[in-house]
Amino acid sequence: MLIFKQLILGLFLPAVVGGGIFIFAKLLASKRESEHKKDWLSGWLVAVALSAGYSVGYIGLEGSPPFPPREGVHWLCYLVIIGLISGAFWYASRWGRLIVQIALSIVIPRLLLNSAFKYTWGPFEGIIWWVCLAVAIFIFWHIIQQSLTILPAGGSSPFVYFGLSGGTALILALSGSLRLGQHAGILVAVFAVSWIITLIGQRSDDKWQVFPLGASPVVTLIFAGIWMNGYFYEEVPAVSAILLAIALFLAPVGRIEGIQQLGVRRSTVVQIGIIALPVVIAIGVAIARSGLFGESSGY
């Protein structure tokens with residue numbers, strides 16, 4: 001029964017739901033492109049695919065999320081819904097988008113880490129953590145948006161996020177949090193199916209950006225939520241958490257002239273490889289910390 005819950009409800013069903021919506025979004029985008037029209041709907045449907053895929057997996061693993069949430073992990077389902085609502089208005093106003101980013105960056109740490117603010121940190125320490133986390137989320141959000149435009153069109157974006165979510169799931173499992181690792185596993189399934197669908201339907205002249213900027217709230221909030229839960233409530237090494245967060249910061253290396261001269265295919269491989277390097281190191285640190293091959297090194 002446990003295997004059924006993990007594989008079917010936590011992986012297969014999210015992939016089917018998210019993949020189905022993703023296919024519809026891609027078909028709609030292709031149709032609008034052939035008509036030389038631009039619309040926000042197909043882009044927002046990608047955010048719907050990510051949000052719906054994760055929400056289905058969450059309910060499959062946890063059941064309906066309680067309200068108000070009692071644990072940090074209970075907020076994860078609400079975060080993707082908040083991200084989805086934000087993504088629907090992402091192109092309405094530049095200043096409105098900035099205000100939403102600032103507001104959510106401030107509010108999210110206080111919601112997820114309520115018990116730490118109440119029982120672990122003192123007032124001064126709590127304020128320091130709050131400010132640092134709010135700034136970190138705001139910066140990470142902009143890194144996500146940057147990566148969505150810098151990564152080459154086609155399968156590169158879903159593959160990079162597939163690897164990032166896979167590394168997250170593995171690190172969480174090595175750190176003793178199988179439950180939270182399963183939530184990262186839902187993202188693995190959703191990003192994997194989006195990557196496979198993109199590869200299957202990709203044409204040589206296909207310039208469709210798989211993850212539009214409107215999907216950035218969903219991607220940002222779910223990764224930030226999982227990572228904060230992993231670091232503050234589980235035993236994810238600080239070095240691993242930092243390396244995961246900065247991996248996408250390396251996406252602009254693809255714009256370096258020397259790398260671009262390698263050609264499209266080779267430059268893409270180099271770009272993805274450099275992004276993957278911090279993730280691989282983060283996994284190595286988690287393995288060393290777990291004591292899987294010997295005594296824990298105590299990172």
Projected onto the charge dipole of the chain (+1 at Lys/Arg Cβ, -1 at Asp/Glu Cβ, origin at the Cα centre), which of Ala49, Leu104, Tyr161 gives the Cα projection farthest towards the positive end? Ala49
Per the Debye formula with a single identical scatterer at each Cα and no solvent contribution, what log10 I(q)/I(0) holds for the chain at q = 0.11, 0.12, 0.15 Å⁻¹? -0.65, -0.78, -1.25
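Within 10 Å, at most 14 other Cβ atoms, and a DSSP state outside H, G, I, E, B define an exposed site. Report the longest part of the chain free of exposed trypsin sites (Lys or Arg not before Pro).
On the way: sites that count: Lys37, Lys38, Arg70, Arg203, Lys207.
In short, 71-202.
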Taking the simple approach of a point 7 Å from Cα along Cα-to-Cβ for both Val131 and Val107, what is their distance in nm? 2.3
Can you give the charge dipole size of the chain about its Cα centre, rounded to the nearest 20 debye, using +1 on the beta carbon of Lys and Arg and -1 on the beta carbon of Asp and Glu? 540
Taking +1 at the Cβ of each Lys and Arg and -1 at the Cβ of each Asp and Glu, which of Tyr231, Ile8, Gln145 sits farthest along the dipole of the chain towards its positive end, judged by Cα position relative to the Cα centre? Gln145
Mind checking the angle between helix 264-290 and the chain's longest principal axis? C-alpha axes, 0 to 90 degrees, to the nearest 10. 10
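What shape does region 50-158 have by the C-alpha gyration tensor, where a ≥ b ≥ c are the square roots of the eigenvalues, rounded means a/c under 1.5, and otherwise prolate means a/b greater than b/c and oblate the rest? Intermediate results must be reported in sequence, preceding the final value.
Values: a/c = 1.97, a/b = 1.24, b/c = 1.59.
Because a/c hits 1.5 or more and a/b fails to exceed b/c, region 50-158 counts as oblate.
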Using a 1.4 Å probe over the heavy atoms of the protein chains, calculate the carbon and sulfur portion of the accessible area of the chain as a whole percent. 69
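The values are calculated or read from the model by the stated rules, or taken from the named source; none is laboratory data. Just so it is clear, the structure is predicted and the values come from calculations on it, not from any experiment. Positions of Cβ are backbone-derived with ideal geometry, glycine not excepted, and every protein chain shown enters the neighbour counts. Remember, those area values only see protein heavy atoms, side chains included, never the ligands or the DNA or RNA. Shrake-Rupley method; radii C 1.70, N 1.55, O 1.52, S 1.80 Å.
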